[in-house]
Amino acid sequence: MKGGRILLLLVCSSVITLGVFAAGPPTCPADLGGKCSDSGEWEGEFFPGIPKIKYEGPSSKNPLAFKWYNVEEEILGKKMKDWMRFSIAFWHTFRGTGGDPFGAPTKYWPWEDGTNSLAMAKRRMRANFEFLEKIGVDRWCFHDRDIAPDGETLEESNKNLDEVVALAKELQGTKIRPLWGTAQLFMHPRYMHGGATSSELGVYAYAAAQVKKAMEVTHDLGGENYVFWGGREGYQSLLNTDMERELDHLARFCEAAVAYKKKIGFSGTLLIEPKPQEPTKHQYDWDAATTANFLRKYGLIGEFKLNIECNHATLSGHSCHHELETARINGLLGNIDANTGDPQIGWDTDQFMTDISEATMVMLSVIRNGGLAPGGFNFDAKLRRESTEVEDIFLAHISGMDTLARGLRSAAKLIQDGSLAELVRKRYQSFDTEIGAQVEAGKGDFETLEKLAMKWGEPKVPSAKQELAEMIFQSAL
């Protein structure tokens with residue numbers, strides 16, 4: 001009995017201690033030059049001492065400068081800024097805390113006051129636009145509940161969102177706009193079984209109402225796309241799941257979204273973001289091929305494209321390049337969430353991409369696609385838990401932008417050199433014959449091919465020149 005009381009005391013002490021650390025220190029006024037007035041409004045800059053980031057070239061030793069991303073420079077007939085169309089993710093940049101399943105938050109930005117109030121939401125929005133101006137990016141992405149607090153009712157939530165969106169519209173002016181918006185249908189307990197695939201009709205209706213509102217505000221802000229990420233649209237067990245019915249419900253939800261998009265005159269692209277699992281055991285839009293099949297089955301090809309996230313690609317057992325090419329050859333590549341994972345970690349770590357080789361392969365797909373517009377590259381990436389200074393937000397984005405810019409330069413070099421394309425052409429040159437053309441046109445019947453096989457005898461299979469292809473690729477980096 002005594003041992004039980006001691007154990008209970010230790011548990012309670014641990015909970016209290018964790019609560020103290022999780023709450024974090026009061027952060028306003030801050031020690032970075034800004035301060036809060038009596039009204040709660042932030043005075044001064046959010047990022048004092050950090051200048052507008054400029055291009056200084058590869059030889060620069062300035063960490064707060066671009067080495068490879070030169071906005072106006074033309075590559076293959078298009079300016080870098082038009083190839084990239086970079087966007088900042090509001091949720092990671094301004095709502096990320098550094099917390100993980102094993103530890104409390106580590107980031108306490110100077111402007112935060114520890115609340116999720118409407119006033120705090122407006123302050124974050126002002127910080128967002130100052131960051132966009134200093135980093136030199138004119139697009140941003142958001143979930144509805146990232147930028148405005150949930151209310152006690154749907155009406156109150158909508159009112160909160162309207163108030164924050166009005167401020168965002170004022171701050172963004174005519175030069176800045178959302179690359180895309182979306183509804184957060186995964187965090188609230190009501191969505192524990194999903195939104196569009198929930199077994200409860202009331203949840204399905206609530207999810208529809210939330211998407212309706214999120215689409216409206218995205219349209220109002222001049223957003224160019226709208227994303228559906230079904231983090232909980234899947235299952236934990238098939239024993240208690242009617243998978244066919246849930247997929248049908250998901251399709252009906254998508255059809256309703258298409259209809260409402262057209263009703264309000266929203267010309268943006270609807271995007272589905274594939275992910276295999278996490279938080280569900282199995283997510284219905286597992287990868288690009290699975291999602292393409294879903295769209296075909298339900299007659300939604302032409303209404304949706306795909307937002308490919310690189311870390312999701314690796315979670316599904318593919319490379320990012322594979323997923324991009326699968327989307328591209330199906331005419332579905334619409335946007336890229338630019339991030340990467342760690343091969344030693346089995347979950348969605350959302351790290352900034354820093355691998356030049358990976359970035360080059362990504363950019364090869366983008367170039368072959370003719371660009372991404374009206375999509376772009378959204379930095380769905382977050383600082384590491386151990387990076388806790390405001391300057392780190394800039395350093396991470398500079399690194400990510402430079403990596404993709406260097407990847408663009410390398411991909412352009414490969415294309416201009418032509419050696420890799422010629423290697424691929426030669427590999428398939430037997431199909432560049434009259435008979436090969438007939439096969440590719442669907443006129444190669446089995447009887448004719450059997451006669452040819454008997455006439456030609458045992459085929460000679462040439463080398464694929466894999467090593468040479470890799471040498472050519474590496475020489476461009």
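Values computed for the structure shown
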quantity: Residue check for residue 11: over 20 Å from residue 111 (Cβ atoms), open to solvent by less than 80 Å² (accessible area, probe 1.4 Å) and either in contact with a strand residue (DSSP E or B) (Cβ under 7 Å, 6 or more places away or on another chain) or at pLDDT 50 or above (or both); calculated: no
quantity: Subset of segment 82-110 [assigned to a loop (DSSP other than H, G, I, E, B) and in contact with a Gly (Cβ under 7 Å, 6 or more places away or on another chain)]; calculated: 85, 105, 106, 107, 108, 110
quantity: Residue in segment 194-211 that is within 21 Å of the chain's Cα centre (by Cα) and of a type in the set (S, T, N, Q) present; calculated: yes
quantity: Residue list for segment 68-98, restricted to those being open to solvent by 40 Å² or more (accessible area, probe 1.4 Å) and in contact with a Pro (Cβ under 9 Å, 6 or more places away or on another chain); calculated: 68, 97
quantity: Every residue from segment 265-303 that is at pLDDT below 95 and among the acidic types (Asp, Glu); calculated: 278
quantity: Residues of segment 274-293 satisfying the condition of being small (Gly, Ala, Ser) and open to solvent by less than 10 Å² (accessible area, probe 1.4 Å); calculated: 288, 292
quantity: Residue among 171, 179, 154 that is open to solvent by less than 70 Å² (accessible area, probe 1.4 Å), in contact with a strand residue (DSSP E or B) (Cβ under 7 Å, 6 or more places away or on another chain) and either charged (D, E, K, R) or touching a residue at least 12 places away in the same chain (Cβ under 8 Å) (or both); calculated: 179
quantity: Which numbered condition residue 460 misses (of (1) farther than 30 Å from residue 53 by Cα; (2) not in a loop (DSSP other than H, G, I, E, B)); calculated: (2)
quantity: Residue under evaluation residue 222, criteria (1) within 30 Å of residue 132 (Cβ to Cβ); (2) surrounded by 14 or more Cβ atoms within 10 Å (Cβ to Cβ); (3) within 21 Å of the chain's Cα centre (by Cα), criterion not met; calculated: (2)
quantity: Any hit, segment 53-60, residues being open to solvent by 20 Å² or more (accessible area, probe 1.4 Å), under 27 Å from residue 364 (Cβ atoms), under 22 Å from the mean Cα position of the chain (by Cα) and at pLDDT 95 or above; calculated: no
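The values are calculated or read from the model by the stated rules, or taken from the named source; none is laboratory data. In this text the structure is predicted, and so the values were computed from the model without any measurement. Reconstructed Cβ throughout: ideal geometry from the backbone, glycine too, with neighbour counts over all protein chains shown. Note: areas computed on protein heavy atoms with side chains; ligands, DNA, RNA excluded. Shrake-Rupley method; radii C 1.70, N 1.55, O 1.52, S 1.80 Å.
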